[in-house]
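Novice: What follows is a structure written as structure tokens; I'll ask about it next.
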Number of protein chains: 2
Amino acid sequence: MTENRSSSTGPQPAESPASAAVVGCGVIGAAWAARFRLHGVSVKAYDPSPEAERIVDEVAANAVAAWEDLGLPARLAPIEFCDSIEAAVADVELVQESVPEVLTLKQSTLATIDNATSADALIGSSTSGLLCTEMAADLAHPERLVVAHPFNPVYLLPLVEVVGGKATAAATIERAMSVYRGLGMKPLHIKVEIDAHIADRLLEAVWRESLWLVNDGVATTEEIDDAIRYGFGLRWAQMGLFETYRIAGGEGGFGHFIRQFGPALSWPWTKLMDVPDLTDELVDRLESQSDEQSGAYSVRELERIRDRNLAAMMRALEENQWGAGQTVAEMRDRLGG
Amino acid sequence: MTENRSSSTGPQPAESPASAAVVGCGVIGAAWAARFRLHGVSVKAYDPSPEAERIVDEVAANAVAAWEDLGLPARLAPIEFCDSIEAAVADVELVQESVPEVLTLKQSTLATIDNATSADALIGSSTSGLLCTEMAADLAHPERLVVAHPFNPVYLLPLVEVVGGKATAAATIERAMSVYRGLGMKPLHIKVEIDAHIADRLLEAVWRESLWLVNDGVATTEEIDDAIRYGFGLRWAQMGLFETYRIAGGEGGFGHFIRQFGPALSWPWTKLMDVPDLTDELVDRLESQSDEQSGAYSVRELERIRDRNLAAMMRALEENQWGAGQTVAEMRDRLGG
């Protein structure tokens, strides 16, 4: 009983780019660079911050350790830092933009990229919340821009949300799907543009509800985290919400589930509308609870713990030929190990 | 870097009950029975449905298979079906009530249990949404009632939410924590009674947001599930929301994260308030999308796939001495294997 759904049968195109540029080398951009390099793709990088090279090196070291945990060959293709966006993007097949989440900054950065690269280069924006159509407003070649929103740690988690704007060509979407698959990822094409795409809508809902629980003194940050990771978080690493509830519906299937539980689920909706103000007091409470919960580990240690756990679980799923484990199996086919 | 937090250091009391009764043998009650029996606790059971014995047997078979996947000794202590609640609960240390989620039914069932069992038996209710105080309204001995809300599959997932009511004795909470720990679980004591406790509040938030996405044609059930299980679902199997975001805050810690991202997160709140009506058309759409997504597998197959994946990931976390893996390690210490 391995995973082989009608929706995803047949080989799907997967071709990693010959060369790539990362514009913006914070945690996300640096992790993209690591994923590219681990797939043998040489990278040109631009970031005005004096911290950028240090971050890129630290994230690359984490990524190498994670790939060793996965049992994949952890060889990094070269990276070259450039003095300008133009120099970084001039001659590459894929440009991944990961600058801060400010629309005007995204627009101007993407316009600079658009002018400096060949018209057939693919441009992916890592934006977690902005619309492709709005970011493309000033581009001469908006047809080759997509949102390609990854999840931290980008060198391990397979998901990338691919969203086109009004001007994005259908061929660009196809190409982006193939390119990100070629980088060992699970690209999810989202057909409708909405703020925050899909995954961050769900995260935002949990975030909002969690703040409410802390604000009202119902639970601490540690209790909420434990309620997640000892329960439904385990389920969601391998099946999502709907497939899990389908099982709850039993032989009657999902229709049975929703007809039985739908009405019961409706009443809390009105109660859950309440959301707390992010007052200084709430911020302080969150901060001190988080220190109490996680302060025994440095952030560097937490990153390594997270990555070791993710790699171990992904290998377990690979063994079972299911879900995120299948992306690891595909990387292993391609890269050896 | 194994898990050893200040909040949970030191050995915590863990004593499985000598005997237990399950009242209500649907999927939840049957899975409780399986967990008890796999811990060597003999069980008396009551359920008026002619289907109850079949469900108990099928769930026990799944639980045995899952425990074999965990590498734990999969021996079932005996179970005895009784003709009345009174006969089932008369002489046991723990009664686990799992009847349907209707307040008046819970109240009358718990009153029957309360009258028929010795006053020092512990009574746990599996309610996912009701308040302990309201359920205890008619009890002669409300001091020994707790909510003990588990998560499916109960024989695998460690989380159990323990909530007392106004009349619940402090000693009962302590005892319940010890008893459920003794059954290999991670009891989470929730100090404030609210509808749906903690985990189901978070699930409800995601459920509501997901229905909205399907209703508006933004995504299908399969796309939403993939957005979960290839991304943040993997993260949440080992660290919750807050610890994950603490990492995102970098060396500045959680305060840095929330001061940086808090304001940006505030604006979608008002947009996310909208929730869809559960119309026939939406129900039909959900059902047909779920069939398209998961129809290649029977529910029986999905259960086994889920359990194999959960067991494999929990063993991986056990290897890393982290989170849910530690509950497996504790069971292995106690039970062998």
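Each value in this text was obtained by applying a stated rule to the coordinates, not by laboratory testing. Because the structure is predicted, anything quoted here is derived from the model rather than measured. Every residue, glycine among them, receives a Cβ derived from its backbone with ideal geometry; neighbour counts consider all protein chains shown.
Novice: Which distances, shortest first and in nm, link B:P11 to the matching position in the other copies, using label points set 7 Å out along Cα to C-beta?
Specialist: 5.8
Novice: Using a 7 Å offset from Cα along the direction of the beta-carbon, what are the separations from A:L282 to the same position in each other copy, nm, ascending?
Specialist: 2.5
Novice: Based on alpha-carbon centroids, what's the gap between the stretch A:64-136 and the stretch A:284-337 in Å, whole number please?
Specialist: Using only Cα atoms, the two centres lie 24 Å from each other.
Novice: All other residues with a Cβ under 15 Å from the Cβ of A:G182 taken together, and with Lys, Arg as +1 and Asp, Glu as -1, what is their net charge? Display every interim value, and only then the final one.
Specialist: Details: positive: A:R35, A:R37, A:R175, A:R181, A:K186, A:R332, A:R334; negative: A:E15, A:E93, A:E174, A:E330, A:D333.
Summing Lys/Arg as +1 and Asp/Glu as -1 gives +2.
Novice: Using a 10 Å cut-off around each Cβ of peptide B:277-287, what is the average number of partner chain Cβ atoms that fall inside?
Specialist: Working: counts 1, 7, 0, 1, 0, 2, 5, 2, 0, 7, 9.
The per-residue average across the peptide is 3.
Novice: As an exercise, identify the trypsin sites (Lys or Arg not before Pro) in the stretch B:101-185 lying in DSSP coil whose Cβ has no more than 16 other Cβ atoms within 10 Å. Mind dumping the intermediate values first?
Specialist: Working: sites: B:K106, B:R144, B:K166, B:R175, B:R181; in loops: B:K166.
Those satisfying the criteria are B:K166.
Novice: Give the average, rounded to an integer, of partner chain Cβ atoms located within 10 angstrom of each Cβ in A:185-195.
Specialist: Numbers: counts 1, 5, 2, 8, 1, 5, 5, 5, 1, 6, 4.
Across the residues of A:185-195, the mean count of other-chain Cβ atoms within 10 Å is 4.
Novice: Taking beta carbons within 10 Å but only from partner chains, what does the mean come to for residues A:145-152?
Specialist: Details: counts 0, 0, 0, 0, 1, 1, 6, 7.
Mean number of neighbouring Cβ atoms from other chains: 2.
Novice: Too long at a 21 Å Cα-Cα cut-off: which of B:K166/B:K191; A:K106/A:K166; B:K44/B:K186; B:K106/B:K166; A:K166/A:K191; B:K44/B:K106?
Specialist: On the way: B:K166/B:K191 11 Å; A:K106/A:K166 17 Å; B:K44/B:K186 24 Å; B:K106/B:K166 17 Å; A:K166/A:K191 11 Å; B:K44/B:K106 19 Å.
Violating the 21 Å Cα-Cα cut-off are B:K44/B:K186.
Novice: Still on this structure, please answer the following. In the neighborhood of B:A30, defined by Cβ-to-Cβ distances under 13 Å, what is the net charge if each Lys or Arg adds +1 and each Asp or Glu adds -1?
Specialist: Values: positive: B:R35, B:R37, B:R54; negative: B:D47, B:E51, B:E53, B:D57, B:E58, B:E303.
Counting the neighbours of B:A30, the net charge comes to -3.
Novice: Continuing with the same structure: Say a label goes 7 Å from Cα toward Cβ at B:V192 in every copy; what distances in nm does this one have to the rest, shortest first?
Specialist: Distances to the matching label points in the other copies: 3.4 nm.
Novice: Need one number: nm distance between label points at A:E143 and B:D333, each 7 Å from Cα along Cα→Cβ, rounded to one decimal.
Specialist: Label-label distance for A:E143 and B:D333, simple model: 6.5 nm.
Novice: Also, I was wondering about something else. Can you put B:C25, A:C82 in order, fewest other beta carbons within 10 Å first?
Specialist: Numbers: B:C25 28, A:C82 16.
The most exposed by this proxy come first: A:C82, B:C25.
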